[in-house]
1. Calculate the tail of P(r) for the stretch 78-184: the fraction of all Cα-Cα distances greater than 25 Å, expressed in %.
2. Taking θ as phi - 60°, what are the ³J(HN,Hα) couplings along the stretch 364-377 by the Karplus curve (6.51, -1.76, 1.60), each to the nearest whole Hz, with x for Gly and Pro?
3. Please check which bits of the stretch 355-382 a label hung off Arg47 would reach, taking the label as a point 7 Å along Cα-to-C-beta and the cut-off as backbone N under 15 Å.
4. Calculate the FRET efficiency for Ile460 and Ile527 from the Cβ-Cβ distance with a Förster distance of 22 Å, rounded to the nearest 0.05.
5. What number results when the radius of gyration of the stretch 268-388, computed over Cα atoms, is divided by 2.2 N^0.38 Å?
6. Size of the dipole of the stretch 124-238 about the Cα centre, Lys and Arg at +1 and Asp and Glu at -1 on the beta carbon, nothing else charged, in debye to 20?
7. Please list, ordered by chain and number, the residues whose modelled amide H lies under 5 Å from the amide H of Leu288; skip anything fewer than 5 residues away on the same chain.
8. Skipping prolines and chain starts, which residues have an amide H placed within reach, meaning under 5 Å, of the one on Leu512, given they are 5 or more residues away or on another chain?
Amino acid sequence: MIIKSFNKILIANRGEIAVRIMKTAKKLGISSVAIYSEVDLESYHVRFADEAFCIGEQELNDTYLNVDKIISVALKSGCDAIHPGYGFLSESPILVDACNKAGITFIGPDIEAITLMGNKIEARNFVRKTGVPMTEGITGDTEHLLKNANKIKYPILVKAAAGGGGKGMRIVNDPKMLREILETTSREALNYFGDGTIYIEKYIEEPRHIEFQVIGDNYGNVIHLFERECTIQRRYQKIIEEAPSPTLTPEVRNKMGKSAVDIAKGVGYNSVGTIEFLVDNDLNYYFLEMNTRIQVEHPVTELVTGIDLVEEQIYIAAGNKLRLKQEEVKQSGNAIESRIYAEDPANNFLPHPGLISLLLFPEGKNIRIDSSIDRVTTIHSFFDPMISKLIVWEKTRDKAIELSIKSLKEFVIHGIKTNITFLINVLEHPTFRENKLSTKFCDEHIDDILTEEIIAKKKIGDEIPIISLALYTLNNNKEKNNNNTWDRIGYWRNSMNLGFKCDKDEVTLEILSLCSTEIIFAFNKKILKINNPHISKNKVEFKLNNKLYTAFISADKHGAFDVSINGLIFNVKRNDLLFLDTDYDSNNEDMEGSLFAPMPGKVIKINVEKGDKVSRGKVLLVVEAMKMENNIIASQDAIVDKVAVNVGDMVDADVQLVVLEEIK
């Protein structure tokens, strides 16, 4: 049998999914072409591709959402196919139509399936006819939704018709907030998906989110590759996924699998896709949506089935028959995916772009990293904050959890805030281990998950990160930059004190003895004997009280160091290292009453002007960063003294936005 294939594929995407697709293309002997915006010039996907073409500056509509430019590059570079990845134009009938007209194969479903199932409203209408249960919903324009929302008992969900990946979805508990949430969700949907249509549906209390992977070809064959449990979410977006689901019984699994295949067959589905369900406490399931593309969490299915989903996509798009039969697909072992985001969990998961100062990936058997980065780089505010995925496989769920935790503790990112520690604490949480979960897990347990980080830091104490930095700076021969006072005056006495600041604590470490195999410190009236220290680039290992410690260390330009121990990051500074620092003057009166941008982003809405009287909690303006809207809120009753920005302005972190004057 002759296997059809492609010669060259353009990947109409960026980041980790672009690299992921390119890896399979290389495996199949297919050349890959990347597109990129100017801000992505040094990105991993650009360097990994066989060819790369810049298609604009930074605006998405001018780059990754510009169909004309993408088709032009594909034709110019001689591509015979385009793979859209996920997000952006992956579920766009416009791109499919443009490919068809240009004689280029779209690696995905046909335009009819994308049009029907890509619109969540039309998809619900179609699936309702199949008899698969679904939640109650209402469609229409904003005024119609406002008028009829009371027909559904609160809480309700506001969702983007063209949405997916957790984008364009908000829960409403209070009818008074409905109008504002409808407007915000519609605006976000228009910006991210190019379609501002929204609808509302009943929100199921304590649901689980379980999805089935389906594959269909152009000859009417459709199978499923079993399920993924995607219940752990924040901001309605998945952060941990696993396969198989620890929730389903064999009977429910078979029934849901059949429903998924029936839906896919009904629409004549001819690619890789996902049928998503909500499952209640009694294991009743409800159709949620169909994603007509590859999913972010597809690797967990690959690890438990041994099937390369991107390869199957390419194989089917080239015109081949599905080479898998349902009875041949088996699940083996357990896989868990943890999504790494540039965000601050302690600050409502606010995106945290910036310069990465140290990047180290975990290594070992059954560990897979899908990443948008492969070296120290800048994470920009223009894109989604997900930067990497850690996927592990083990024979049992408990072992997969343990391997995930171990690997996350070795996944080091310095310079920006990430959710790595948060993920560790979720995986270690008894409720997760016992699978007593719902999609509200993060909301319900956020306080104890964040508190666990504080407790874990206290257990380690200040002494371990301080000793780690002392060893690193005292023994690192590369530190000869004249910033260190001791490099200039020498070690002129046997006993000397080092001053440190660890997080917020000022402490002193006394050196009593230095030799290659044993170093003796005095700290808080305790004698600490360090045995067999090993110092390498960005890493320190040593034994204290017969316990082995490993620390990963990097410095910033102000002389502060990030010290990672067991997935926890301590900010440590050695007071005798002389660096210039440019902290804000806290006594500057101009700073008083000011509100600053919490991260780099774009001002998309301003609700106030000079002289307005505002109440505490009022949304003053909205800053979009990493494709999420972030409200800038008045912290007190006040009068607006100054609005320092305009709609459309790009602002850096800590740029002054609004000045408030206290009401006297």
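1. The proportion of pairs with Cα distances above 25 Å equals 36 percent.
2. 3J(HN,Hα) across the stretch 364-377, in whole Hz: x, 5, 6, 10, 10, 10, 10, 9, 8, 10, 9, 6, 4, 7.
3. Correct set: 356-361, 371-379.
4. 0.70
5. Compactness ratio reported: 1.33.
6. 180
7. Result for Leu288 returns Glu276, Phe277, Leu278.
8. Ile520, Phe521, Ala522
Any read-out appearing in this document is the output of simple, stated calculations on the displayed coordinates, not a laboratory observation. A quick note: this is a predicted structure, and the numbers were derived from the prediction, not measured. All Cβ positions, glycine included, derive from the backbone under ideal geometry; neighbour counts span all protein chains shown.
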